[in-house]
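Notes for the one structure printed next.
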Amino acid sequence: VVIHANCCIEKPWFQDTTIIGKRCHIDNLVTIRQGAVVNDCSLITANSEIGEYVTIGKNCWIGLRATIHPGVNIGDSCYVTLGSRVTKNIGPGMVVKDNWAIKRERFKGIIT
């Protein structure tokens, strides 16, 4: 684990465990609440907010200033774009733009 300068990691008052998987990258000013699970190889970019009891699948990309509401499950290989708010569960391979979720396969030639 590498933790760079100016990071603040606080132990919550709650008993629930927050889990960060292998090879994850968590950028500056990200808030991850208690009971959240971030699975392997996921990226969470700056100023994002991950609510309580959120599960983020493997190989996910959470864009700048995204908000994941409490209790939401995000499937493997999902993209949550800049400034999006996720309020409901999304399945594997989905892209969330603003508040809309679309199947990634429809745009395979456009989205890599």
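Couple of notes before you dig in:
- Extension gain for Asp98-Asn47 works out to 16.8 nm (0.36 nm per residue, less the C-alpha to C-alpha distance).
- The range 20-45 versus the range 75-95: alpha-carbon centroid distance in Å: 14 Å
- Remark: C-alpha extents of the range 7-68 on the principal axes read 28, 20, 20 Å, sorted largest to smallest.
- Gain upon complete extension [Asn89, Cys8; 0.36 nm per residue less C-alpha separation]: 26.3 nm
- As a ratio to 2.2 N^0.38 Å, the alpha-carbon radius of gyration for the range 19-103 is 0.91.
No lab work stands behind these numbers, since they all come straight from the coordinates. These numbers were taken from a predicted model, which means no experiment stands behind them.
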